[in-house]
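Visitor: Got a structure here, written out as structure tokens. Questions coming.
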Amino acid sequence: MSERRPRVLSGIQPSGNLHIGNYLGSLQNWVLEQDRYDNFFCIVDLHAITVPQDPAELRQHVRELAGLYLACGLDPQRSTIFVQSHVSAHAELGWVLNCQTPLGWLNRMTQFKDKSAKQETVLAGLLNYPTLMAADILLYDAEFVPVGDDQRQHIELTRDLAERFNYLYGETFVIPEPMIRTVAARVMGLDDPTSKMSKSNTAAGHAIPLLGDLKKTRKAIMRAVTDSGTEIAFDESRPGVYNLLSIYQKLTDKPREEIEAHFAGQGYGTLKRELADAVEATLEPIQARYREFTNDPAELDRLLAQGAERAAAVANATRDRAYTAVGLR
Ligand code: ATP
Ligand code: LTN
């Protein structure tokens, strides 16, 4: 018999416009390490509604994201793939955790501060977003949470909440660890290398979309903001070139020295052209597989129903433990 593999859980919001930052910061890592862990990957639709969503678009984006998970290489045989709202324990444990979270902990979350500044009306769910994320993670006794660098603070909060709960009510939750890869953990915008590549920024030339037209993407890469220097080196004080090189490094999986030697004496045009080639080589097959998977929505729905059933079997047991601990059962 094989040993028990460590458990991982992660999720992405079905808010459309997935970009290469989402892929390199999270999805690709999930796929590469699929065999080392006992995997739960979720489509976090309850998180998506913390900002206003069009209902028909949200439904569409959930299917799209499921198709992308598969197209990027997640295998439903080796990973449990499911939609958060299909497993009611997420909302249920989320509520219990809300009732255990000091308000000050939520008020200081940087993602809340950034996102609330962009909203005309800030919904209570946006403030409570991190307690629901904590529920996602704790329900599965996840030991590791593979995410991009921007999620570090939320995982810290999850750990603090779990420790506080265990202290007050007895051992209930496993304390999770963030799993953040060092290369391309924070991909920056092509138009502004000082701001994170973001789904919510839909300006032309900002992102490298996973499902976008590859000719347009090539143009956006060729126009990416760099600086007036010429040397191609991993130098963080030149964020434009550093960002392009980091994306190139993660896509080609080559060591930094080899990449610097390869581009020695070349101009930024060459770097951009070769980066566009590498992006195309990665995205073309993903886009082709995506079209195949989304061709059959009934099969997609069947896989998601199967995933939800497997997820619920684990999640409900943890929810029951937590309910009992606080006196609800
Ligand atoms: P937005 O990009 O609009 O802020 P988000 O951060 O809410 O969206 P999610 O879909 O919730 O995006 O994130 C999915 C995963 O992608 C998370 O693990 C997150 O850390 C990662 N991620 C998001 N943006 C980047 C980026 N620019 N570079 C690296 N990883 C990223
Ligand atoms: N907050 C994350 C998405 C997310 C998540 C999770 C990630 C929701 N629940 C659980 C890891 C584990 C984001 O905005 N990227």
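The values are calculated or read from the model by the stated rules, or taken from the named source; none is laboratory data. What you see is a predicted model, and the numbers here were worked out from it, not measured in a lab. Cβ coordinates were reconstructed from backbone atoms using ideal geometry, including for glycine residues, and neighbour counts include every protein chain displayed. The accessibility values were calculated without ligands, DNA or RNA, using every heavy atom of the protein model including side chains. Shrake-Rupley method; radii C 1.70, N 1.55, O 1.52, S 1.80 Å.
Visitor: Take residue 233 and decide whether it is small (Gly, Ala, Ser), outside any helix (DSSP H, G or I) and surrounded by 14 or more Cβ atoms within 10 Å (Cβ to Cβ).
Guide: Judged against the criteria, residue 233 is a match.
Visitor: From (1) of a type in the set (D, E, K, R); (2) under 27 Å from residue 321 (Cα atoms); (3) within 12 Å of ligand 1 (Cβ to nearest atom); (4) surrounded by fewer than 19 Cβ atoms within 10 Å (Cβ to Cβ), pick out the condition that doesn't hold for residue 156.
Guide: (3)
Visitor: Among the listed residues 68, 74, which satisfies the condition of being in contact (Cβ under 8 Å) with a residue 40 or more places away in the chain and assigned to a loop (DSSP other than H, G, I, E, B)?
Guide: Of 68, 74, the one residue that is in contact (Cβ under 8 Å) with a residue 40 or more places away in the chain and assigned to a loop (DSSP other than H, G, I, E, B) is 74.
Visitor: Further question: I need a count of the residues in the stretch 132-165 that are away from ligand 2 (no atom under 11 Å from the Cβ), touching a Leu at 6+ places or on another chain (Cβ under 7 Å) and not small (Gly, Ala, Ser).
Guide: 1
Visitor: Please pick out the residue among 46, 9, 18, 70 that is among the hydrophobic types (A, V, I, L, M, F, W, C), more than 9 Å from ligand 1 (Cβ to nearest atom) and farther than 18 Å from residue 137 by Cβ. Talk me through it step by step, then tell me what you get.
Guide: Values: 46 fails: farther than 18 Å from residue 137 by Cβ; 9 fails: farther than 18 Å from residue 137 by Cβ; 18 fails: more than 9 Å from ligand 1 (Cβ to nearest atom).
Of the residues listed, the single one that is among the hydrophobic types (A, V, I, L, M, F, W, C), more than 9 Å from ligand 1 (Cβ to nearest atom) and farther than 18 Å from residue 137 by Cβ is 70.
Visitor: Here's another thing I want to ask about it. Answer yes or no: is there a residue in the stretch 160-180 that is open to solvent by 30 Å² or more (accessible area, probe 1.4 Å), touching a residue at least 60 places away in the same chain (Cβ under 8 Å), touching a Gly at 6+ places or on another chain (Cβ under 9 Å) and under 16 Å from residue 10 (Cβ atoms).
Guide: Within the stretch 160-180, not a single residue is open to solvent by 30 Å² or more (accessible area, probe 1.4 Å), touching a residue at least 60 places away in the same chain (Cβ under 8 Å), touching a Gly at 6+ places or on another chain (Cβ under 9 Å) and under 16 Å from residue 10 (Cβ atoms).
Visitor: Filter the stretch 101-119 for residues that are surrounded by 12 or more Cβ atoms within 10 Å (Cβ to Cβ) and among the hydroxyl-bearing types (Ser, Thr, Tyr) and give the result. It would help to see each step written out before you state the result.
Guide: Going residue by residue through the stretch 101-119, those that are surrounded by 12 or more Cβ atoms within 10 Å (Cβ to Cβ) are 101, 105-106, 109, 111-112, 114-116, 119.
Selection gives 101, 116.
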